[in-house]
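**Student:** Here it is: the structure, laid out below.
The values are calculated or read from the model by the stated rules, or taken from the named source; none is laboratory data. Here the structure is a predicted model, which is why all the values come from computation and not from measurement. With ideal geometry, Cβ positions are generated from the backbone for all residues, glycine too; neighbour counts draw on all protein chains shown.
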Amino acid sequence: MGMNWSGKQVLVCGGAGLIGSFIARELLQRGAAVTIVDNLSSGVLDNIEDIRDDAEVLVADLRDPAICDAAARGKDVVFQLAANMGGIGYITSIGAEIMRDSAGININMLEAARSANVERYFYSSSACVYPEYRQTDEHVTALKEEDAYPAEPDQFYGWEKLFTEKLCEAYQKDYGMCIRVARFHNVFGPVYTGFDKAKGKAPCHLIMKAIQHPDSPFDIWGDGEQTRSFLYIDDCIKGVLRLVASDHGRPINIGSDRLVTINQLADIVIHISGKTIVPTHDLTKPQGVRGRNADLTRVRQVLGWEPEVTLEEGLRRTYEWTVARLDHVRQVCDL
Ligand SMILES: NC(=O)c1ccc[n+]([C@@H]2O[C@H](COP(=O)([O-])OP(=O)(O)OC[C@H]3O[C@@H](n4cnc5c(N)ncnc54)[C@H](O)[C@@H]3O)[C@@H](O)[C@H]2O)c1
């Protein structure tokens, strides 16, 4: 299954963030002409410093429909990865801004892509669409795509994602647009913004805590027995590109089905650091749903895709990347 990207005009919305920057890099390698749009609200140009001369980079706000129209014009494929989002601390404390910003971006961008007659459109949904009532136990049953309904996401962030999934479905049905939707489960990898205090996520935060130990405490949010599965960025990009090339028009999980507790995640990071660290637990911090795992039956079947990079290897690569440019990371994230 493949697609010839050579000479394709591609727009990557949110291309200065984690997933967008890696998609842009991969598509440039495959010969596409890439335009990145990002307002740098959480992304940074440092994330794309190596490709800035090869891509067209527009610093602009996709909440503005005129920006979306201008960006989509003449494009063959649009990857929509811009969102107001962050780790569990961020999405449990902010609702209105997340819903307003992300719904605005998605409404504008889909309409702009329709007017521009793009061939294909990719939308980045999330495991956060799944209902809270299926995620109350750490020994959780892995979530299948159809488990999203009856809907009851635990955060506003997930409700916006579900709304936009439905918006994509409506645009497919009413306008015949070719839209592909992935539900990402905890994607991590080496980018400067992963360590942001407000918007960073557990894997990068734990890596930074291990690097900074013993100068700062290694604390885990909650009792650490909450469970998740984590996907390394390289595998994520392979999955996305297979999905975009496929004829699968419904939302599909792109994640890992290896369930770990956050304590186990921390242990792997500590092992990589080579340090002797005894974590503490901060029970005042949010932990999100108690357990969440991805069922990969459909994605294996439909795309022949599954993760190849182990959690240990992905964390090791991210750890080493961070150590190698620690001062720069600290400067970007004000640590
Ligand atoms: N990383 C994950 O684990 C994960 C999991 C589930 C879903 N997702 C989804 O995947 C997509 C990409 O996630 P990511 O991890 O790369 O996030 P990210 O925060 O690293 O990237 C998002 C980018 O969008 C940009 N952006 C935000 N608002 C904008 C606006 N108004 N105009 C222009 N640009 C704007 C940000 O500056 C940032 O660079 C998002 O839709 C996210 O919700 C990610």
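**Student:** Could you please find all residues in the range 113-135 being farther than 14 Å from Gln172 by Cα and touching a residue at least 24 places away in the same chain (Cβ under 8 Å)?
**Tutor:** Kept after step one, since they are farther than 14 Å from Gln172 by Cα, are these residues of the range 113-135: 116, 124-135.
Across the range 113-135, the qualifying residues are Ala116, Ser124, Ser125, Ser126, Ala127, Cys128, Val129, Tyr130, Glu132, Gln135.
**Student:** Test Asp61 against the criterion of being over 20 Å from Ala182 (Cβ atoms) and more than 20 Å from the chain's Cα centre (by Cα), and give yes or no.
**Tutor:** Details: over 20 Å from Ala182 (Cβ atoms): yes; more than 20 Å from the chain's Cα centre (by Cα): no.
No; evaluated as a whole, the condition is false for this residue.
**Student:** Taking the options Ser216, Ser229, name whichever one is at pLDDT below 95 and hydroxyl-bearing (Ser, Thr, Tyr). If you could, list the steps in order and put the result at the bottom.
**Tutor:** Values: Ser229 fails: at pLDDT below 95.
Exactly one of Ser216, Ser229 is at pLDDT below 95 and hydroxyl-bearing (Ser, Thr, Tyr), namely Ser216.
**Student:** Go through (1) more than 22 Å from the chain's Cα centre (by Cα); (2) within 11 Å of the ligand (Cβ to nearest atom) one by one and return the number of the condition Asn186 breaks.
**Tutor:** (1)
**Student:** When you go through Asp174, Asp219 one by one, which is the residue that is of a type in the set (Asp, Glu) and touching a Pro at 6+ places or on another chain (Cβ under 9 Å)? Before you say what the answer is, go through the steps one by one.
**Tutor:** Details: Asp174 fails: touching a Pro at 6+ places or on another chain (Cβ under 9 Å).
So the residue among Asp174, Asp219 that is of a type in the set (Asp, Glu) and touching a Pro at 6+ places or on another chain (Cβ under 9 Å) is Asp219.
**Student:** Would you mind stating whether Lys201 is within 30 Å of Ala324 (Cα to Cα), of a type outside the set (S, T, N, Q), within 16 Å of the chain's Cα centre (by Cα) and outside the structural domain of Arg250 (by TED's automatic domain parsing)? Walk me through it before giving the result.
**Tutor:** On the way: within 30 Å of Ala324 (Cα to Cα): yes; of a type outside the set (S, T, N, Q): yes; within 16 Å of the chain's Cα centre (by Cα): yes; outside the structural domain of Arg250 (by TED's automatic domain parsing): yes.
Here the answer is yes, as Lys201 does meet what is asked.
**Student:** Within the range 117-161, take every residue that is within 14 Å of Asn253 (Cβ to Cβ) and among the acidic types (Asp, Glu) and give me the one that is farthest from the ligand (Cβ to nearest atom).
**Tutor:** Glu146
**Student:** So which residues in the range 61-79 are without any contact (Cβ under 8 Å) to a residue 60 or more places away in the chain and surrounded by fewer than 16 Cβ atoms within 10 Å (Cβ to Cβ), if there are any at all? If you could, list the steps in order and put the result at the bottom.
**Tutor:** Our first condition is that a residue be without any contact (Cβ under 8 Å) to a residue 60 or more places away in the chain; within the range 61-79, this holds for 61-70, 73.
Matches in the range 61-79: Asp64, Pro65, Ala66, Ala70, Arg73.
**Student:** Taking the range 267-277, which residues are of a type in the set (Val, Ile, Thr) and either in the same structural domain as Ala245 (by TED's automatic domain parsing) or free of Cβ contacts under 8 Å to residues at least 24 places away in the same chain (or both)?
**Tutor:** The initial filter retains those residues of the range 267-277 that are of a type in the set (Val, Ile, Thr), namely 268-270, 272, 276-277.
Result: Thr276, single match.
**Student:** Output the residue which, of all residues in the range 80-116 that are among the polar types (S, T, N, Q) and within 8 Å of the ligand (Cβ to nearest atom), is nearest to Phe195 (Cα to Cα). First the steps, then the outcome.
**Tutor:** Of the residues in the range 80-116, the ones among the polar types (S, T, N, Q) are 80, 84, 92-93, 102, 106, 108, 115.
Filter once more, so that each one left must be within 8 Å of the ligand (Cβ to nearest atom): 80, 84, 102.
Values: Gln80: 23, Asn84: 16, Ser102: 22 Å.
Result: Asn84.
**Student:** Considering only the range 151-260, give the helices (runs of 4 or more DSSP H) lying wholly within it that have at least 3 residues that are without any contact (Cβ under 8 Å) to a residue 24 or more places away in the chain and surrounded by fewer than 21 Cβ atoms within 10 Å (Cβ to Cβ). Give the derivation first.
**Tutor:** Values: elements: 156-175, 202-212, 233-245.
Correct list: 156-175.
**Student:** Based on what the data block shows, is Ala245 under 24 Å from Glu308 (Cα atoms) and small (Gly, Ala, Ser)? Steps first, please.
**Tutor:** On the way: under 24 Å from Glu308 (Cα atoms): yes; small (Gly, Ala, Ser): yes.
Judged against the criteria, Ala245 is a match.
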